[in-house]
Every structure is written in structure tokens, then in C-alpha cells.
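These notes are about the structure you will find just below.
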Amino acid sequence: MFILTIAGAEDEGAYSVVDAEGERALYMFEDEDDAERFAGLLEAEDYPEMDVVEVEDEVAINTCNVYNYRYVIISPEEFVIPPREYDFIQTDKMA
């Protein structure tokens, strides 16, 4: 799996999305190219430069479960675009 972080600040948090109820969800991409593409979309929206970080599937999912964080696994068959209102860089350490 691959997650997104701010370039140079990989230990400070990961990109996640918040829904209208305030629930956070960490985006985890199965394919590195998809994560790179999404990072490019974020940067086109004036986000800071993003890095794609590989994480172990089981460790990332278990960490989310322990800390009661939602997560979304994005498969190569899915296409996601950055939401305009409910996204941010999560400052909690995730992996």
C-alpha cells in the first residue's frame, strides 16, 4: 500500500479526508502510480509537494484499527479526485 505525506515531513502525518460529520479516513492506494497521480492532482490544487510512501498493508490497517481511524483502500480500478472541502494533512503519526 501507498500513502501520501508532505515532502520532507513524512514522520509528521499523512494525507486523509474528512467527511461532513468530521470522520477522518486515510487514503491507501494499492498501486504506486495511482498514488503518484493523486499527489499530482493535489499539487495542482496548490497543496505542498507530496511524497508517496510505501507502508505494509497489515501494519497500516492494524494501526488504523487500533486508533479507530477509518481508511479507504483505493484499487487500480477506482479513480479518486481531491475533495474541495473536507481534506487535510493529518498530523497524527499513522505508520
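The values are calculated or read from the model by the stated rules, or taken from the named source; none is laboratory data. Treat the numbers as computed from the prediction; the structure is a model and nothing was measured. Cβ sites come from the backbone with ideal geometry, for glycine too, and all protein chains shown count toward neighbours. The protein model used for the area step is the full one, side chains on, heavy atoms only, and it has no ligands, DNA or RNA in it. Shrake-Rupley method; radii C 1.70, N 1.55, O 1.52, S 1.80 Å.
Quick check of the Kirkwood formula: for region 17-71, what is the inverse mean of 1/r over all pairs of different Cα atoms, in Å? Numbers along the way, then the final one.
Numbers: mean 1/r = 0.0797 Å⁻¹.
Its Kirkwood hydrodynamic radius stands at 12.5 Å.
Amide H contacts for Tyr71 (H built 1.01 Å from N in the peptide plane; partners 5 or more residues away or on another chain; cut-off under 5 Å): Leu26.
Would you work out what percent of the accessible area of region 1-84, with all protein chains in place, is carbon or sulfur (probe 1.4 Å)? Could you put the intermediate results ahead of the total?
Numbers: 2180 of 5040 Å².
Ligands and nucleic acids excluded, carbon and sulfur give 43 percent.
Per residue, the chain exposes 62 Å² of accessible surface when a 1.4 Å probe is rolled over the protein heavy atoms with every protein chain present. Using a Gaussian network model of the chain in which every pair of alpha carbons under 10 angstrom is joined by a spring, one finds that among Asp51, Asp34, Asp19 the greatest mean-square fluctuation is at Asp19.
Could you sort Ile3, Ile73, Ile61, Ile81 by their accessible area in this structure, using a 1.4 Å probe and putting the largest first? Before the final figure, lay out each step's value.
On the way: Ile3 10, Ile73 60, Ile61 40, Ile81 110 Å².
The most accessible residue leads, giving Ile81, Ile73, Ile61, Ile3.
Each helix, a run of at least 4 DSSP H residues, gives -39500 (n - 2.57); summed and divided by the residues of the chain, these come to -7500 deg cm²/dmol at 222 nm. Give the residues of region 1-26 whose amide nitrogen is closer than 19 Å to a point set 7 Å from the Cα of Val66 in the direction of its Cβ. Within reach of a label on Val66: 1-3, 11-15, 25-26. Note on the chain: with charges restricted to the Cβ of Lys and Arg (+1) and Asp and Glu (-1), its dipole about the Cα centre is near 380 debye. Sparsely packed loop sites in region 1-58 (the GluC sites (Glu not before Pro) outside DSSP H, G, I, E and B with at most 14 other Cβ atoms within 10 Å) comprise Glu21, Glu23, Glu45, Glu49, Glu56.
Extending 7 Å from Cα along the Cβ direction at Glu78 and again at Glu58 yields two label points whose distance is 2.2 nm.
Computed across the chain, the Kirkwood radius stands at 13.2 Å (inverse of mean 1/r, all Cα pairs).
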